[in-house]
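Enquirer: Structure below; questions to follow.
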Amino acid sequence: QVQLVESGGGLVQAGGSLRLSCAASGRTLSRYMGWFRQAPGKEREFVATIRRGEGFTYYTSSVKGRFTISRDNAKNTMYLQMNSLKPEDTAVYYCAADRGSGGSLGRSRFDYDYWGQGTQVTVSS
């Protein structure tokens, strides 16, 4: 079983930057890893995904040009660099990983098998 631990969340003012990290433990090579977020009273929504190997990435429209997802397989760590943050980015951010089997695009919460505990990101205006 894979365990995921997020870190790097915090309080930042609008226009600032923050980098989230997701450390993975366990014997597995996931095909997709991704980031989701959940604001109070709302459903967990997709933010970004990255596929192992060729560097394929995909972002939800609201974060395109501002967020960058990356993955360091040697360190078993995934990152989310968040720039030009807006108050509407405020949410608990979760990292996720699949089991390594193909067949999905990594854009749905149902594509993933393992989840972290979440880290709070708060953006003030």
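The values are calculated or read from the model by the stated rules, or taken from the named source; none is laboratory data. What you see is a predicted model; the values in this text were computed from it and never measured. Cβ atoms come from the backbone with ideal geometry, glycine included; neighbour counts cover every protein chain shown. In case anyone asks, the SASA skips ligands and DNA or RNA and just uses the protein heavy atoms, side chains included. Shrake-Rupley method; radii C 1.70, N 1.55, O 1.52, S 1.80 Å.
Enquirer: What whole-number value in Å² describes the accessible area per residue of the chain for a 1.4 Å probe? Don't skip to the answer; put the middle values down first.
Expert: On the way: 6690 Å² over 125 residues.
Per residue, the chain has an accessible area of 54 Å².
Enquirer: Something else: What ³J(HN,Hα) values, in whole Hz, does the Karplus curve 6.51 cos²θ - 1.76 cosθ + 1.60 give for the range 60-66 when θ = phi - 60°, with x put for Gly and Pro?
Expert: Computed from phi, the couplings for the range 60-66 are 5, 4, 5, 10, 4, x, 10 Hz.
Enquirer: Could you give the semi-axes, largest first, of the ellipsoid that matches the range 60-112, computed as the square roots of 5 times the alpha carbon gyration tensor eigenvalues and rounded to whole Å? Numbers along the way, then the final one.
Expert: Numbers: eigenvalues 101, 44, 21 Å².
Semi-axes (√(5λ), whole Å): 22, 15, 10.
Enquirer: From the phi angles alone, apply the Karplus equation (6.51, -1.76, 1.60; θ = phi - 60°) to the range 39-49 and give each ³J(HN,Hα) in whole Hz, x where the residue is Gly or Pro.
Expert: Result, rounded to whole Hz: 8, x, x, 10, 6, 5, 10, 5, 10, 7, 9.
Enquirer: Can you give the longest run of the chain that contains no trypsin sites (Lys or Arg not before Pro) sitting in a DSSP loop with at most 12 other Cβ atoms inside 10 Å? Don't skip to the end; give the middle numbers.
Expert: Details: sites that count: Arg27, Lys42, Lys64, Lys75.
Between exposed loop sites, the widest span is 76-125.
Enquirer: Ok, one more. Using r as the Cβ-Cβ distance of Glu45 and Ala74, and R0 as 41 Å, what FRET efficiency do you calculate, to the nearest 0.05? Mind dumping the intermediate values first?
Expert: On the way: r = 30 Å, r/R0 = 0.73.
Given R0 = 41 Å and the Cβ-Cβ separation, E is 0.85.
Enquirer: Based on DSSP, what percent of beta bridges with both residues in the chain are antiparallel, to the nearest 5?
Expert: Working: 37 of 41 bridges.
Here the antiparallel bridges make up roughly 90 percent for the chain.
Enquirer: Right, next: Using DSSP to call loops (not H, G, I, E or B), can you name the GluC sites (Glu not before Pro) in the range 32-125 whose Cβ has at most 16 other Cβ atoms within 10 angstrom?
Expert: Values: sites: Glu43, Glu45, Glu54, Glu88; in loops: Glu43, Glu54.
Sparse-neighbourhood loop GluC sites (Glu not before Pro): Glu43, Glu54.
Enquirer: Can you send over the carbon and sulfur percentage of the accessible area for the range 1-109, probe radius 1.4 Å, protein chains only? Walk me through the numbers before you get to the answer.
Expert: Numbers: 2560 of 5780 Å².
It is 44 percent, rounded to a whole number.
Enquirer: Moving on. Working from the alpha-carbon coordinates of the chain, get Rg over Rh, Rh being the Kirkwood radius.
Expert: With Rh from the inverse mean 1/r over Cα pairs, Rg/Rh is 0.94.
Enquirer: Residue by residue through the range 83-91, which ³J(HN,Hα) values in whole Hz follow from phi under the Karplus form 6.51 cos²θ - 1.76 cosθ + 1.60 (θ = phi - 60°), with glycine and proline marked x?
Expert: 10, 6, 5, 10, x, 6, 7, 4, 4
Enquirer: I would also like to ask the following. What value does the range 1-60 have for Rg/Rh, both radii from Cα atoms and Rh as Kirkwood defines it?
Expert: On the way: Rg = 13.6 Å, Rh = 13.7 Å.
Expressed as Rg/Rh, it is 1.00.
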